Structures are given as C-alpha cells and as structure tokens.
Amino acid sequence: MIEQLEELKSRALEHLGRLDALPALEDWRVTYLGKRSELNQILRNLGTLEPSARRTVGQIANDVKRLLESEFNDRRTQIERTLREAEVARERIDVTRPAKPTLIGQKHPITQTLEEIVGAFRALGYDVVEGPEVEWEKLNFDMLNIPPEHPARDRWDTFYVKSEGSLPLGQMLLRTHTSPMQIRVMEKTKPPVRVVVPGRCYRYEATDATHESQFTQVEGLAVDENLTFADLKGTLTAFTHMVFGPERRTRFRVDFFPFVEPGAEMAVDCHGCHGAGCRICKQSGWLEIMGAGMVHPKVLEGVGYDPSRYTGFAFGMGVERISMLKYGIDDIRLFFANDLRFLRQFR
Ligand code: FA5
C-alpha cells in the first residue's frame, strides 16, 4: 500500500505538471482527490489494516493528500495568473499608435473661390450683404433701366414664379443676376456706399461647358461724391492682383448694360499663355471675368440719389467662371456633379 501511495503520488504530480487549463485541472482534482479517487479509497480502507500498519499508512496517505492538495492549489494559482497576464497582454492599448484618420469635410471649390473674392473686397473696405433669390421684376429689371419690352430683357432668360393678386412690383422671378441688390442697398442707405453681394442666380438657359441654369455671382457697388471710371479701374485691378496674382494685366473694353454708362467688360491676361494665345483663352490672350460700369444716372434717380452730386460704379462677376479660370477647369458642370474624385482635388 505504501508503494501504491508512492506510485500514486508521483503519477499525480507528473500529471499535474502537464496541465495548463482550468477545466483539465478540475478533472485532475476529481481523479486524484475526489470522493471516488484511489487515494480516498485507500483512506477509507485503512480500517481493515492492523493498528500499527494503519497508523503508518494513514500518516503517509494523509501526507500524500496534503501534498496533492497544496500542489493543486499552487498550480491553480499559477494557471490563473498566466491566464490573467495573457488577457492583459491581449487588451493592452498602444497609446503611441497613430489614430485612424477621420474623414472631415471640406468646402466646395465654389465656396472657396467665393470666400476668396469676398475676402479681397473686404480688404478693400467693402461691406458684404446678401439678398433674396426670389425677386420682384421691378427690381431685377425696371429699376435697373430695363423697362418692359426692352430688348435687353431677352439677354436674361428668366424663370418666373407664379404670383397672384395686385402686384405693384410686377411678377416674381428667380433673380437673373445680383444687380437688383444695388437697388435694395441704395433704397436703404445714403451714400457713401461700398458693398459686395455674393449670391445665387438663375437663368432659363441650356446647360453647356460654360453655362448652368443656376450659378453664383458677386455684385459690387460703390457710390460717393467724385467717383470716376479711374476708381473703377483701380479697384478692379487691385482685386485681380489679389485673386489672380500681382503679375496679371487687366483689359477694359466697351460693353453694354442698361444700368451703367459707360459700360465695360473686364478681362485678365490668360494665365496659360500670358497673353500670347492658347487653348484656354481660345487664342485671344484674354479671359473675360466681369461686367462693370458707372452707375446710370437713371438708376441713381430711381432710388432718390442726386446724380448731379453722386456718381458710382458697379460690377458683377460669375464665381464659377472665375473658379474655372483659377484652377483650369474646362466644364462648369463638374461643380454640380457631386463627384468626390473632382471635389477632393480642392482640399
Ligand atoms: C450681368 O449679370 C450683370 N448684372 C453684370 C454687371 C453688374 C454689369 C454691374 C455691370 C454692372 P452678365 O449677364 O454678363 O452680366 O453675367 C455676369 C457673369 O455671370 C458672366 O460674366 C458669367 O461669368 C456669369 N454667368 C452668366 N450667365 C451664366 C450661366 N448661365 N452660367 C454660369 N455663369 C454665368
């Protein structure tokens, strides 16, 4: 029996040494220390031995039991620690790792160009105001010296809005340009006036590479005593240098708009060829960027300004066209196509 106990002890310890998981450890406990274990069997049969043998074997059996119990406890503590350590290692966070990039939005290229244009005029001392996109016919046309039946109305193909009742200001329409804001500003303020008006405009036009039925303009208006065409040229040239670069040259040519006299169209020398002629400027060497002119005396009179005392200049530019010129974009429709491959180039 003593030999059996010795053999049992070494077998149990050797088995225990090979275990590294808690369920197998529990099986081991049932096998070697459980009620139906060999050891328990021996302890239970002690009564059948002679008293002297019973004491010796009983002591050895109890020693083996205590040893196995303490080894079992040690092993369990060890395995639990190993498992805990593995878990900690698994859950470890590397705080030095770079974070996953977050997707943040960006401004649309038209917004970027618009802010640049408006920023340039702010720096020149202009206020920024905005106005309604649904406008009265009287402000969009009549008060800008374009009476009904005037052929110039054909130049601005118009979306009319169904309007009912008595309409002293004519029909309602989607403004075809930001120029009606000249009237709204002058009706509300006394000279001197210096404002720019960014905003969306609408024209009933077929879409092509340079035309959309919805687009953005920036209107400008300055009214004061003694303002001349030289002020117009100086202001717009300074603006061009800020937005297109200080080396740019400008060109003013006669153009007709009913609400200015004289009227002009301003062009910048082409950034692609510096005036020599290329594909971008259609070989002309110049890119037209806006309409401008001295505010027509009739317009000043219409808002109650005295044209013998005050003079002013006004201008209006297309933001999409300027953005196209700045970035070499050849189709206006790209701005509205919502194609991320295009938009991401303007980060
Ligand atoms: C005007 O709208 C005048 N109100 C500008 C003006 C203001 C002249 C003050 C004098 C004094 P025009 O129709 O040329 O002018 O339009 C001005 C600019 O708007 C054009 O040069 C162009 O850049 C832009 N534009 C006009 N129509 C479209 C369109 N369908 N799509 C995109 N841009 C357009």
- Message: Based only on other Cβ atoms within 10 Å, what is the fewest-to-most ordering of Arg279, Arg248, Arg90, Arg175?
- Response: Arg90, Arg279, Arg248, Arg175
- Item | Net charge over other residues, Cβ less than 14 angstrom from the Cβ of Arg75 (K, R count +1; D, E count -1) | -4
- Please give the residues of the stretch 28-49, grouped as numeric ranges, whose backbone N is less than 18 Å from a label point set 7 Å along the Cα-to-Cβ vector of Met1. 36-49
- Task: Would you kindly state how much longer the chain becomes between Ile104 and Ala24 on full extension, computed as 0.36 nm times their sequence separation minus their alpha carbon distance, in nm to one decimal?
- Result: 23.6 nm
- Here the cysteines of the chain without any disulfide-compatible Cβ partner under 4.7 Å are Cys201
- Note on the structure: Expressed in nanometres to one decimal, the distance between label points 7 Å along Cα→Cβ at Arg333 and Glu116 is 2.5 nm
- Query: Within the chain, how many lysine pairs that are 8 or more places apart, or on different chains, have C-alpha atoms less than 22 Å apart?
  - Reply: 12
- Query: Points 7 angstrom from Cα along the Cβ direction at Gln283 and Gln59: gap in nanometres?
  - Reply: 12.2 nm
- Take each of the peptides 106-116, 146-156, average the number of other beta-carbon atoms within 10 Å over its residues, and list them starting from the highest. 106-116, 146-156
- Task: Find, among the GluC sites (Glu not before Pro) in the stretch 202-298, those assigned to loop by DSSP (not H, G, I, E, B) with at most 16 other beta-carbon atoms within 10 angstrom.
- Result: Glu205, Glu247
- Message: Give me the one-decimal nm value for the distance between modelled label points at Thr48 and Arg97, 7 Å along each residue's Cα-to-Cβ direction.
- Response: 6.3 nm
- Item | Bins of 20 Å from zero: percent of alpha-carbon pairs in the chain | 23, 32, 8, 8, 14, 13, 3, 0
- Message: Suppose only helical runs count, i.e. DSSP H with n ≥ 4. What mean residue ellipticity at 222 nm does that imply for the chain under -39500 (n - 2.57) per run, divided by all residues and rounded to the nearest 500 deg cm²/dmol?
- Response: -12500 deg cm²/dmol
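Values in this text are rule-based calculations from the coordinates and carry no lab data. None of the values given here were measured: they were computed from a predicted structure. Note that each Cβ is placed from the backbone with ideal geometry, even for glycine, and that neighbours are counted across all protein chains shown.
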